[in-house]
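No lab work stands behind these numbers, since they all come straight from the coordinates. Predicted model only: the values in this text are computed from it and were never measured. Quick reminder, even Gly has a Cβ in these numbers, built from the backbone with ideal geometry, and neighbours come from all protein chains shown.
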Ligand code: BJW
């Protein structure tokens with residue numbers, strides 16, 4: 001696998017490697033996953049906090065859920081896995097694309113620039129009335145007004161069940177042209193992200209899963225490595241960069 005992960009020449013901005021990241025990547029930064037035994041969905045009903053219908057029923061509950069996660073995110077730090085991916089991007093530039101399902105900003109704070117947040121961002125708000133986006137305050141409330149149209153229709157800019165994920169055209173084009181697809185810390189239970197590995201394989205890419213445990217999509221990968229992201233990812237990055245282990249991935 002490693003020898004085949006060297007950059008090769010294709011079109012100018014076509015990434016040769018697409019990395020899909022999920023909640024497991026940020027778990028060691030102290031941010032909870034969703035479906036693990038102690039995950040968020042063991043404490044919250046996803047229909048209440050992660051659907052437009054839940055938000056319409058009880059916006060205060062949903063704002064409280066996201067306010068708490070936003071506050072937690074502010075104190076969290078990128079872990080060695082985020083830092084290693086930023087190091088890989090420094091070496092590969094636009095030949096690497098990170099597609100994240102995570103709504104935290106730990107990739108960016110680690111130094112990654114080419115990141116598509118397909119499920120939105122916790123630090124962004126938007127208006128259901130006029131569609132404007134702006135930086136979210138730490139605390140959002142149902143009584144907030146949109147800074148542009150003044151409607152009391154503001155919400156976190158995250159993608160809930162039943163809503164269309166973001167950047168899908170760009171993601172589809174990157175996956176259909178990539179040579180390597182890597183999924184890190186995702187359970188493969190949420191679509192359309194769960195189908196990316198099969199799409200990448202159908203396009204001829206090699207596929208690698210890095211995860212603490214078996215996921216729903218494990219059978220679709222050519223290669224699977226088990227362990228915590230904070231050790232698996234830096235060692236994989238060292239391997240594909242072909243050099244000696246870096247010592248700069250400590251938070
Ligand atoms: C570690 C680790 C460590 C732990 N190191 N690893 C029936 C069939 C098929 C599809 C559907 C269906 N019914 C409905 C659908 C569609 C639906 C869906 O998929 N539902 C499923 C439940 C079946 N999907 C949607 O509605 C999506 N929209 C959509 O499909 O639109 C239609 C459309 C499609 C395509 C084109 C056009 C239109 C929207 C999905 C929105 C998901 N939103 C959430 C919450 C919002 C953001 C937030 O609050 O954060 O996004 S749900 C939640 O799950 C969150 C995550 O991004 C997402 C994925 O979770 P993830 O990252 O995989 O986390 P976990 O917890 O599940 O897994 C953690 C993993 O890490 C585990 O594997 C651990 O082992 C591992 N791990 N520690 C390494 N230290």
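Among the conditions (1) in contact with a strand residue (DSSP E or B) (Cβ under 8 Å, 6 or more places away or on another chain); (2) in contact (Cβ under 8 Å) with a residue 60 or more places away in the chain; (3) more than 16 Å from the ligand (Cβ to nearest atom), residue 87 misses just one, which is (1). Of the residues making up segment 22-45, those that are surrounded by 15 or more Cβ atoms within 10 Å (Cβ to Cβ) and in a loop (DSSP other than H, G, I, E, B) number 11.
Here residue 160 meets the list (1) on the phi < 0 side of the Ramachandran plot; (2) away from the ligand (no atom under 13 Å from the Cβ) almost entirely, failing just condition (2). Inside segment 59-72, residues that are within 18 Å of residue 159 (Cα to Cα), surrounded by 15 or more Cβ atoms within 10 Å (Cβ to Cβ) and more than 10 Å from the ligand (Cβ to nearest atom) make up a count of 6. Being surrounded by fewer than 19 Cβ atoms within 10 Å (Cβ to Cβ), part of a helix (DSSP H, G or I) and within 13 Å of the ligand (Cβ to nearest atom) is a property that residue 48 has.
The rows are residues; the columns are (1) crowded, with 19+ Cβ neighbours inside 10 Å; (2) not in a strand (DSSP E or B).
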position	(1), (2)
113	no, yes
124	no, no
142	no, yes
150	no, yes
161	no, yes
165	no, yes
173	no, yes
187	yes, yes
